[in-house]
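Structure record follows, encoded as structure tokens.
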Amino acid sequence: MNILGIETSCDETAAAVVKDGTSILSSVVSSQVEVHQRYGGVVPELASRKHIEAIVPVVGEALNKAGLSLTEIDAIAVTRGPGLVGALLVGYSFAKSLAYALGIPWVGVNHLEGHIHSVFLEDDPPAFPFVALLASGGHTSIYHVTDHITLELMGQTRDDAAGEAFDKVAKMLDLGYPGGGIIDRLSKQGDPTRIKFPRSYLDKASFDFSFSGIKTAVNRYAATHRNQIKEHIPDIAAGFQEAVMEVLTHKAIHAAVEKGCDRLALVGGVAANSRLREKLKADAGHKGIQVHVPSIDLCGDNGAMIAAVGYHYLVAGVDAALGDDVYSKIEMT
Ligand code: KG4
Ligand code: ZN
């Protein structure tokens, strides 16, 4: 089954064609980073406008790269939420109209379930059940995944998402946007042990996160060292990154142990972080837990992960009705 996956929940217009939920025939991502960069964050109204401009060419390119015409698409999967409502509506309305015009089934899927499915697009996908750590710009949560469409939320952030903390710290230090990749690169030149930022574990038995305290700690450190800030930046970046990754790693492994799972998936934009990939694999390895991480291209938002999860809903007989709408916040459906 060839599924066209469409994703427009935030600042990437993405489309992909995926065969049988696992093999990527094409994946096209058009980023709006340049538009939002000067504001240090995503401006919802601008995001919607850019999606409107990009959606037709991006879907066209995905079909071209897959070497397929519209009539060879069997179904459409599209992100229904969570995300920016105006942005979601562009992809959702487009998918709905296209499916209606072609007379093919379509399904609206949860963006977070999409991220979790990015590991099924790789050669060695995890067997069920497994624990997934999802860390992105909008969410940071841990799930127990028992089959393709059944997930239990074990814990989530009570304030900022991990990627959001990276973006806010980068903005605070005037490093640019988005902050994740920039801090990741700068950390390689810094000493992660020189500045000890707080690790917030909350209740040790809880799988919830909190990243607002560390953000304030970085702000305070930067204010006190205002005069020599340039020379401190790599150490601040490395110290901040290490603190966030230690908490993410600890809680993810603890969750896997609690569920008796020897497989752990790391997904979402923050899964691109080099230190997190290295640390989670090493620490989980010591406990006999195998870590599944998608390639860097599949960590950020993309249409392939949406097609991958959509496939399993369609196979289970779940599709969408013409009257269905997007949602900004609802957790897993
Ligand atoms: O999944 P994603 O593309 O969009 C959302 O669904 O939010 O994640 C974007 C987030 C941003 O906050 C970005 O700074 C972060 O992922 N990110 C990283 C890295 N690359 C992207 N965070 C840490 N290290 C990275 N290398
Ligand atoms: Zn995402």
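Quick one: count up the residues across the range 25-56 that are more than 18 Å from the chain's Cα centre (by Cα), under 28 Å from Gly67 (Cα atoms) and of a type outside the set (Ser, Thr, Tyr).
Here the count works out to 8.
Does Ala271 satisfy the condition of being within 16 Å of ligand 2 (Cβ to nearest atom), open to solvent by less than 10 Å² (accessible area, probe 1.4 Å), assigned to a helix (DSSP H, G or I) and touching a residue at least 12 places away in the same chain (Cβ under 8 Å)?
Yes: the conditions hold for Ala271.
Go through the range 249-268 and give me each residue that's under 30 Å from Gly303 (Cβ atoms), more than 16 Å from ligand 2 (Cβ to nearest atom) and not in a loop (DSSP other than H, G, I, E, B).
Passing the criteria: Thr249, Lys251, Ala252, Ala255, Ala256, Arg263, Leu264.
Hey, Tyr92 hits all of (1) crowded, with 22+ Cβ neighbours inside 10 Å; (2) modelled with pLDDT under 95 but one; which does it fall short on?
Tallying (1) crowded, with 22+ Cβ neighbours inside 10 Å; (2) modelled with pLDDT under 95, Tyr92 fails exactly one: (2).
If you go through the range 77-127, how many residues are away from ligand 1 (no atom under 16 Å from the Cβ) and under 26 Å from Leu266 (Cα atoms)?
Within the range 77-127, residues that are away from ligand 1 (no atom under 16 Å from the Cβ) and under 26 Å from Leu266 (Cα atoms) number 10.
Just checking: which of the helices (runs of 4 or more DSSP H) contained wholly in the range 110-228 hold 2 or more residues that are over 18 Å from Leu276 (Cβ atoms) and open to solvent by 20 Å² or more (accessible area, probe 1.4 Å)?
162-172, 212-224
For the range 87-119, give me the residue count where each residue is among the aromatic types (Phe, Trp, Tyr) and within 16 Å of ligand 2 (Cβ to nearest atom).
Result for the range 87-119: 1.
Please determine, by comparing only the residues of the range 33-54 that are surrounded by fewer than 17 Cβ atoms within 10 Å (Cβ to Cβ) and among the basic types (Lys, Arg), which one is farthest from Gly114 (Cα to Cα).
Arg38
Just give me the residues in the range 122-138 being within 16 Å of ligand 2 (Cβ to nearest atom) and in contact with a strand residue (DSSP E or B) (Cβ under 7 Å, 6 or more places away or on another chain), in sequence order.
Within the range 122-138, Ala132, Leu133, Leu134 meet the criteria.
Regarding Ala87, is this residue open to solvent by less than 70 Å² (accessible area, probe 1.4 Å) and either within 27 Å of Val169 (Cβ to Cβ) or among the hydroxyl-bearing types (Ser, Thr, Tyr) (or both)?
It is true that Ala87 is open to solvent by less than 70 Å² (accessible area, probe 1.4 Å) and either within 27 Å of Val169 (Cβ to Cβ) or among the hydroxyl-bearing types (Ser, Thr, Tyr) (or both).
Could you go through the range 55-72 and let me know if any residue there is within 16 Å of ligand 2 (Cβ to nearest atom), open to solvent by less than 10 Å² (accessible area, probe 1.4 Å) and in contact with a helix residue (DSSP H, G or I) (Cβ under 8 Å, 6 or more places away or on another chain).
No, because not a single residue in the range 55-72 is within 16 Å of ligand 2 (Cβ to nearest atom), open to solvent by less than 10 Å² (accessible area, probe 1.4 Å) and in contact with a helix residue (DSSP H, G or I) (Cβ under 8 Å, 6 or more places away or on another chain).
In the range 290-306, what count of residues is obtained for those that are in contact with a strand residue (DSSP E or B) (Cβ under 7 Å, 6 or more places away or on another chain), more than 8 Å from ligand 1 (Cβ to nearest atom) and open to solvent by 10 Å² or more (accessible area, probe 1.4 Å)?
Selection size over the range 290-306: 4.
Pairs needed: first member in the range 34-47, without any contact (Cβ under 8 Å) to a residue 12 or more places away in the chain and closer than 13 Å to Val85 by Cα; second member anywhere, in a helix (DSSP H, G or I) and hydrophobic (A, V, I, L, M, F, W, C); C-beta distance under 8 Å; at least 6 residues apart or different chains.
Note: pairs meeting the criteria are Val43/Val35.
The values are calculated or read from the model by the stated rules, or taken from the named source; none is laboratory data. Keep in mind that what you see is a predicted model, and the values were worked out from it rather than measured. For neighbour counting, all protein chains shown are included, and Cβ atoms are generated from backbone atoms with ideal geometry for every residue, glycine included. Please note that ligands, DNA and RNA were not included when accessible areas were found on the heavy atoms of the full protein model with its side chains. Shrake-Rupley method; radii C 1.70, N 1.55, O 1.52, S 1.80 Å.
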